[in-house]
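This report refers to the structure that appears directly beneath it.
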Protein chains: 2
Amino acid sequence: MTLSAKEMLRQSLLNQMARGELIPGASLPSERSLAAEFQMSRNAVREVIQGLQQEGWIQVRQGGASRCLNRLQSHLEKHQPREISLAYQLDVMEARAFLEGETAYYCALRASDQELAALAKEYKAMQGRRKGQSTLLKAKADLTFHMMIAEASHHLLLISYSQLFYERYFNAIHEVLSTTLKRYGRYPDGISQQHEKIYHAIQSRQPDQARLEATEHILYTRRLLETS
Amino acid sequence: MTLSAKEMLRQSLLNQMARGELIPGASLPSERSLAAEFQMSRNAVREVIQGLQQEGWIQVRQGGASRCLNRLQSHLEKHQPREISLAYQLDVMEARAFLEGETAYYCALRASDQELAALAKEYKAMQGRRKGQSTLLKAKADLTFHMMIAEASHHLLLISYSQLFYERYFNAIHEVLSTTLKRYGRYPDGISQQHEKIYHAIQSRQPDQARLEATEHILYTRRLLETS
DNA sequence: CAGTCCTAACTGGTCTTACCAAATGAGGCA
DNA sequence: TGCCTCATTTGGTAAGACCAGTTAGGACTG
């Protein structure tokens, strides 16, 4: 069975999204470049693009590049309570412990050498500025570290979930860190130690170990949230 | 709010289908003629057409005209038993009594003068060849009469349902007529009398009366089925 | 006269080229 | 440093040509 040019382009884009090569929020190549790459007319490319848009995969707007959408967004919006209570946050953290473990697992398994190098660079930067930094920047660095792991997992579901989680609970995370900082005068040793363990498990490509450490890390922060 | 040309075309087609001007199975105008009529390029027309196709409104195939689809088809296929028992047929006929009544009602209300004239022509042809005809042709004529009423109702749901019903139960209808013919030597007077009443109620544009007669007609044939 | 076959005219599918309109980002300016 | 401007880039639309199936009508045959 030979696929038509349109079907090949469509499958190519869907595959890239499934493989996490085109993650939610990323820009698609322009219609003109896709037409050139797949040796087809811009008309045909446009019809494929519009099809994907109609199915909720991508968003297209005049003047700007088409962007991949996070398909979990509408689903989560429907199932989220209006008011985010502490109990709800604790529930979310419990689920997140599992998902973060899977994320670290697939990252250790699938990350490219290039991505591991980028992760190493980011990790060392985090270490270098560990002291004398605002909690806001600290929280942002924490987020970046976790998102890099998520993206390197090349797992569409995990990437989508991580994006939504960090976007939604960033303020809550920041709050927990601030409270902890005020209480103890500095961040608990646990966090940086756990980061180190996760980092090393990933760098040495030990998926199971990475899952273990990541899960424990989230459960630790969950306990912080519980007592804050 | 000014709609874009594409949105206008889309709404126009959807409206024509909702109004029963473009009934399931009917051909859409060609892309070129639509482009000329709405003063837009064929590209834009094609994108609208493809959108409607993706939503299951129409079917398009190279070389032939695009056709409206019967959107009840897939739904009914899912909810239909594998084996069509007599009890099931009787249930269907009960629902049909209501739907046929609505059909006659809207036909009397909405049919154009042209459609009434066509119905008159068909009815007289039926009268003229009432005798000495095979049950097969008789059943086909019966079907044509009812379908003309359904189409003149300009009610998408009623048209869709009628199409599927007659396509699906034509053999059963034929069977009932044959059995009745063999038993009594001729068709019972009821049927042609009822057809006449329906016909006159419609021609004189009496919706409520047409509904009454049509409902009674179906319940009459339902009793025939019950005792056959 | 009926039936069959074939062709011309449609239909949708694709490509090319050109231009318009909106977003973007780099460079210059305050 | 921050803001603003404008050329570039991106999607949106148009027009014309050609390809590839379908269809209907006319010619031909029995």
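Going residue by residue through region A:31-53, is there one that turns out to be away from DNA strand C (no atom under 16 Å from the Cβ) and either closer than 24 Å to residue A:9 by Cα or within 12 Å of chain B (Cβ to nearest Cβ) (or both)?
No, that holds for no residue.
Somewhere in region A:42-49, is a residue hydrophobic (A, V, I, L, M, F, W, C) and surrounded by fewer than 18 Cβ atoms within 10 Å (Cβ to Cβ)?
yes
Here is a check on your reading of the model: is residue B:87 away from chain A (no Cβ under 14 Å), among the aliphatic types (A, V, I, L, M) and either touching an Asp or Glu at 6+ places or on another chain (Cβ under 9 Å) or within 16 Å of DNA strand D (Cβ to nearest atom) (or both)?
no
For region A:54-72, which positions are surrounded by fewer than 16 Cβ atoms within 10 Å (Cβ to Cβ) and out of contact with any strand residue (DSSP E or B) (no Cβ under 6 Å at 6 or more places or on another chain)?
Of everything in region A:54-72, those that are surrounded by fewer than 16 Cβ atoms within 10 Å (Cβ to Cβ) and out of contact with any strand residue (DSSP E or B) (no Cβ under 6 Å at 6 or more places or on another chain) turn out to be A:54, A:55, A:56, A:60, A:61, A:62, A:63, A:64, A:71.
Contact list please: Cβ distance under 6 Å, first residue in region B:32-51 and within 17 Å of residue A:48 (Cβ to Cβ) and at pLDDT 95 or above, second residue within 8 Å of DNA strand D (Cβ to nearest atom) and assigned to a helix (DSSP H, G or I), pairs at least six apart or on different chains.
B:43/A:43; B:44/B:6; B:47/A:50; B:48/B:6
Could you check region A:2-24 and list, in sequence order, the residues that are at positive phi and either at pLDDT 95 or above or of a type in the set (A, V, I, L, M) (or both)?
Of everything in region A:2-24, nothing turns out to be at positive phi and either at pLDDT 95 or above or of a type in the set (A, V, I, L, M) (or both).
Quick one: count up the residues across region B:5-35 that are touching a Phe, Trp or Tyr at 6+ places or on another chain (Cβ under 7 Å) and away from DNA strand D (no atom under 16 Å from the Cβ).
Going through region B:5-35 one residue at a time, the tally reaches 1.
Taking region A:56-74 only, how many residues are away from DNA strand C (no atom under 16 Å from the Cβ) and either away from chain B (no Cβ under 14 Å) or more than 14 Å from residue A:28 (Cβ to Cβ) (or both)?
Qualifying residue count for the region: 6.
Which members of region B:130-185 meet the condition of being of a type in the set (A, V, I, L, M, F, W, C), more than 13 Å from the chain's Cα centre (by Cα) and over 25 Å from residue B:74 (Cα atoms)?
B:136, B:137, B:139, B:141, B:176, B:177, B:181, listed by residue number.
Would you pick out the residues in region A:1-31 that are without any contact (Cβ under 8 Å) to a residue 24 or more places away in the chain and farther than 27 Å from residue A:72 by Cβ?
Residues satisfying the conditions are A:1, A:2, A:3, A:4.
If residue A:124 meets every condition in (1) surrounded by 12 or more Cβ atoms within 10 Å (Cβ to Cβ); (2) closer than 23 Å to residue A:204 by Cβ apart from one, which number is that one?
Of everything listed in (1) surrounded by 12 or more Cβ atoms within 10 Å (Cβ to Cβ); (2) closer than 23 Å to residue A:204 by Cβ, residue A:124 misses just condition (1).
Test residue A:115 against the stated conditions and say whether it is of a type in the set (D, E, K, R) and within 15 Å of the chain's Cα centre (by Cα).
Spelling it out, residue A:115 is indeed of a type in the set (D, E, K, R) and within 15 Å of the chain's Cα centre (by Cα).
Taking only region A:40-59 into account, find how many residues are within 8 Å of DNA strand D (Cβ to nearest atom) and under 22 Å from the mean Cα position of the chain (by Cα).
Adding up the residues that qualify gives 0.
All but one of (1) among the aliphatic types (A, V, I, L, M); (2) out of contact with any strand residue (DSSP E or B) (no Cβ under 7 Å at 6 or more places or on another chain); (3) crowded, with 17+ Cβ neighbours inside 10 Å hold for residue B:22, so report the exception by its number.
Result: residue B:22 fails condition (2) only.
Please tell me if residue A:14 is more than 14 Å from DNA strand C (Cβ to nearest atom), within 26 Å of the chain's Cα centre (by Cα), surrounded by 12 or more Cβ atoms within 10 Å (Cβ to Cβ) and hydrophobic (A, V, I, L, M, F, W, C).
In short, yes.
Sort through B:115, B:77 and tell me the only one that's more than 14 Å from chain A (Cβ to nearest Cβ) and buried (at least 16 other Cβ atoms within 10 Å of the Cβ).
B:115
Within region B:174-228, take every residue that is at pLDDT 90 or above and not in a helix (DSSP H, G or I) and give me the one that is nearest to residue B:95 (Cα to Cα).
Filtering region B:174-228 for residues that are at pLDDT 90 or above and not in a helix (DSSP H, G or I), the one nearest to residue B:95 (Cα to Cα) comes out as B:206.
The values are calculated or read from the model by the stated rules, or taken from the named source; none is laboratory data. Please read these numbers as outputs of a predicted model, since none were measured by experiment. Because the Cβ atoms are built from the backbone with ideal geometry, glycine has one as well, and the counts that use them run over all protein chains shown.
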